[in-house]
Structures are given as C-alpha cells and as structure tokens.
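Visitor: This is the structure, below, for whatever I ask next.
The values are calculated or read from the model by the stated rules, or taken from the named source; none is laboratory data. Because the structure is a prediction, the values reported are computed rather than measured. Glycine also receives a Cβ, built like all others from the backbone with ideal geometry; neighbour counts cover every protein chain displayed. For the accessible areas, the whole protein counts, side chains as well, though only heavy atoms, and no ligand, DNA or RNA atoms are used. Shrake-Rupley method; radii C 1.70, N 1.55, O 1.52, S 1.80 Å.
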Amino acid sequence: MDYAICINNLLADRLKASYGSIIVNRHVYGGKAEDLSFRTVPDSPVIGITTNVYPDSEGLNRLLAGVQRVLRPARVLYKPHPRNTDSEIQDIQCEIFDRTAGIEEFAQRIDLCISGNTTAILKVLLEGTPCLYLFGLDAYSYDRYGYVGEQAVIGGESLEQFTLKDINTFYSKSGSLEQVQAYMERNMIIDGDKDETPRFIDDMQTRLGSR
C-alpha cells in the first residue's frame, strides 16, 4: 500500500511537517481524480453496501429492507471491513462480498454504493461509482467526515429521502464533479516514498483511531 486517506486538514498539515516525503496529491491516484466521471445508476441496479469496522447490524438490516422496497435492486452485495470477523456480520441478511478483496474491485461490480462513515467512499468514487451516504450504519455521528456537508457525496438520514433520479442528478449536474474533486484534493494525502508508508499509516491511525 502506498497511499492513505486523511480526512482531517489539521492532521494533514502536521503530517506534512513531520515527513518531508508526504505531499498533497493534486492528481489523486495518478490522475484518477482529474479524469473522474460517474456512471449513471440504472433501474434495478446492483447495490453495494460497505461500512467501517464498526457496523451496526440492526441499522444495516433496516437499510436492506428499505433498499428492496425503495430501489428494487437486481442484487445487493455487502462488503465488510477487512478486519470484521464472521461473528460480527453473521446477522446481516444479504449476499456478502469477499472482505479481503480490494474496494476498487467491489466498486467495479456495483452500480451504486451506499455507505456510512468510512473513507472507502472516496475509493469507490474514484472508480466512477456513485455513492449515497446514509446515517445509522455504524457507531459514528452524522457525516463524520463532511462528505455531505462539503457536497462531495449525496446523503442524509433516511433512504426514503432519495430516488435514483436524485442520485443521478447529483452526480451529473454542473459543478458536482468539481465538488468531489475539490474534496479529494483537500483531504487526500499520498506518501511519495513507499518505504515511509507503514510509519505514515501507523501514525495516522494512532491519531485518528482505527477505522
């Protein structure tokens, strides 16, 4: 791994001051952010759901029931955090995607990602897959990372607030793409020296807490 996501600008400044090899990546992931475009979510989409390491099983199952009722998907996949155990996700009532697979692979298999407070949202967006942020899928407060507040991601407290048309409009309207790119440029940090990366990640996780 030669990258890490930082969602705290003050921490970013401290890390840049501490490690000379760390720079703000203005062309995130080798130009992916610059060239970013989003797929249109079709009717009867393949829905992907992903969470951080602290999923709320009851919240997830409520969401799954709502997804079937509101979005009428062709398929629903849940990708657990890689550190989740079988016992932590055994009550989640849908098809489970390989937790050890890369988030990029997951993003390419779905039409829409529904997620809570996790930095995986940014990696999914970089694959051109639209995301919907919903509160209540994990233990954290509403919009912990500012995705919705900074208009990088469409989202709210309830699935029933949104239609597929709303989601497609958000990601296709004038200025929306620039909002996503701007959020990534402000909040993503890359380590240019792979040898420094483990120390960088360890320091970031210590300061922010494990995700």
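Visitor: State whether the residues of the range 152-162 include one that is on the phi > 0 side of the Ramachandran plot, surrounded by fewer than 18 Cβ atoms within 10 Å (Cβ to Cβ) and assigned to a loop (DSSP other than H, G, I, E, B).
Guide: no
Visitor: Shifting gears a bit: Can you name the number of the only condition in (1) touching a strand residue (DSSP E or B) at 6+ places or on another chain (Cβ under 6 Å); (2) in contact (Cβ under 8 Å) with a residue 24 or more places away in the chain that GLU95 fails?
Guide: (2)
Visitor: Looking only at the range 40-81, which residues are assigned to a loop (DSSP other than H, G, I, E, B), closer than 18 Å to TYR140 by Cβ and not hydroxyl-bearing (Ser, Thr, Tyr)?
Guide: Once the filter is applied, which keeps residues that are assigned to a loop (DSSP other than H, G, I, E, B), closer than 18 Å to TYR140 by Cβ and not hydroxyl-bearing (Ser, Thr, Tyr), the range 40-81 yields ASN52, VAL53, ASP56, PRO80, HIS81.
Visitor: Are there any pairs with C-beta distances below 9 angstrom linking a residue in the range 163-178 that is without any contact (Cβ under 8 Å) to a residue 12 or more places away in the chain to a residue that is open to solvent by 60 Å² or more (accessible area, probe 1.4 Å), with the two at least 6 apart or on different chains, and if so which?
Guide: Between residues of the range 163-178 that are without any contact (Cβ under 8 Å) to a residue 12 or more places away in the chain and residues that are open to solvent by 60 Å² or more (accessible area, probe 1.4 Å), the close pairs are GLY175/GLN151.
Visitor: Being open to solvent by 20 Å² or more (accessible area, probe 1.4 Å), under 30 Å from SER174 (Cβ atoms), at pLDDT below 90 and small (Gly, Ala, Ser) is the requirement here; does SER21 meet it?
Guide: Spelling it out, it is not the case that SER21 is open to solvent by 20 Å² or more (accessible area, probe 1.4 Å), under 30 Å from SER174 (Cβ atoms), at pLDDT below 90 and small (Gly, Ala, Ser).
Visitor: Among the numbered conditions (1) farther than 20 Å from PHE38 by Cβ; (2) crowded, with 19+ Cβ neighbours inside 10 Å, tell me where ALA107 comes up short.
Guide: Of everything listed in (1) farther than 20 Å from PHE38 by Cβ; (2) crowded, with 19+ Cβ neighbours inside 10 Å, ALA107 misses just condition (1).
Visitor: Please state which one of VAL124, VAL148, VAL70 is out of contact with any Phe, Trp or Tyr (no Cβ under 7 Å at 6 or more places or on another chain), open to solvent by 10 Å² or more (accessible area, probe 1.4 Å) and of a type outside the set (Asp, Glu).
Guide: Step by step, each of VAL124, VAL148, VAL70 is checked, and only VAL70 is out of contact with any Phe, Trp or Tyr (no Cβ under 7 Å at 6 or more places or on another chain), open to solvent by 10 Å² or more (accessible area, probe 1.4 Å) and of a type outside the set (Asp, Glu).
Visitor: Same structure, new question: How about the range 71-113: which of its residues are of a type in the set (A, V, I, L, M, F, W, C) and in contact with a Ser or Thr (Cβ under 8 Å, 6 or more places away or on another chain)?
Guide: ALA74, ILE89, ILE92, ILE103, PHE106, ALA107, ILE110, LEU112, CYS113, listed by residue number.
Visitor: Being at pLDDT below 90 and open to solvent by less than 20 Å² (accessible area, probe 1.4 Å) is the filter here, so list the residues in the range 78-96 that pass it.
Guide: PRO80, ASN84, ILE89, ILE92 - these are the residues of the range 78-96 that are at pLDDT below 90 and open to solvent by less than 20 Å² (accessible area, probe 1.4 Å).
Visitor: Any idea which residue in the range 187-211 is nearest to TYR147 (Cα to Cα), counting only those that are at pLDDT 50 or above and under 16 Å from the mean Cα position of the chain (by Cα)?
Guide: Taking the candidates together, the pick is ASN187.
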